[in-house]
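Down below is the structure, laid out as structure tokens.
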Amino acid sequence: MIANAGVPASSLSVETLAAIYSRRMMVWGNGVSIVPVNREAGARERLDFSLRVFGRSPEALAGYWSRMHFQGVNPPLVLESDAAVVAFVRDVPGAIGYVEKGTPLAGTKILKHLPP
């Protein structure tokens, strides 16, 4: 888990990650909007993240997002590569994302290593 350098958190629990990525938590402690980023639906990183944080596959979360859509809540943004996630997180205040271990993380900070 990586975040924009200006994000006030230094680590996050799995429960907090679930709240962020389900859009139940939308603002950092400093008042900046949280901007979560997902990998695309078929990416191995997204499957791994969903299983570790939610205990379910991305497909199993589809019903949740259908309900949230009708409440005016949009799902996290989707980017198609680890490099795109790093660039976005680096450049967008409040952004948070996940990438494969070993991805160059210049300009971001690490919040959590999710176990395999």
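None of the figures in this text is laboratory data; all of them are computed from the coordinates on show. Given the structure is predicted, the values throughout are model-derived calculations rather than measurements. Quick reminder, even Gly has a Cβ in these numbers, built from the backbone with ideal geometry, and neighbours come from all protein chains shown.
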Check: Can you give the FRET efficiency for Asp91 and Leu51, using 1/(1 + (r/R0)^6), R0 = 30 Å, r = Cβ-Cβ distance, to the nearest 0.05?
Finding: 0.60
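Could you tally the net charge around Ser10, taking each other residue with its Cβ under 15 Å from the Cβ of Ser10, Lys/Arg +1 and Asp/Glu -1?
+2
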Note to self: Would you calculate the convex hull of the Cα atoms in the chain and tell me its volume per residue in Å³?
What the structure shows: 95
Next item on the list: Averaging sequence separations of C-alpha pairs under 8 Å and six or more residues apart, then dividing by the length of the chain, give the relative contact order as a whole percent.
Entry: 46
Notebook entry, point to check: Can you list the residues, at least 5 places off or on another chain, whose amide H is less than 5 Å from the amide H of Ile2, using H built in the peptide plane?
Noted result: Gly97, Tyr98, Val99, Leu111
Checklist line | Cα-projected label distance for His69 with Ala5, points at 7 Å along beta-carbon direction, nm | finding: 3.8
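Can you give the helix-only mean residue ellipticity at 222 nm for the chain, where every DSSP H stretch with n ≥ 4 adds -39500 (n - 2.57) and the sum goes over all residues, rounded to the nearest 500 deg cm²/dmol? Spell out each step's value before the answer.
Numbers: 4 runs with 37 residues, N = 116.
Value at 222 nm, helices only, nearest 500: -9000 deg cm²/dmol.
Counting only other residues whose beta carbon sits under 13 Å from that of Arg90, what net charge do I get with K and R as +1, D and E as -1? Mind dumping the intermediate values first?
Working: positive: Lys109; negative: Asp82, Asp91.
Charge balance in the 13 Å sphere: -1.
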Note to self: Between Ala60 and Val14, what is the label-point separation in nm under the 7 Å Cα-to-beta-carbon projection?
What the structure shows: 1.2
Notebook entry, point to check: How much length is gained on full extension from Leu105 to Ala84, taking 0.36 nm per residue of separation minus their Cα-Cα distance?
Noted result: 6.5 nm
Check: What number comes out for the charge environment of Gly102, summing +1 per Lys or Arg and -1 per Asp or Glu over other residues with Cβ under 13 Å away?
Finding: -2
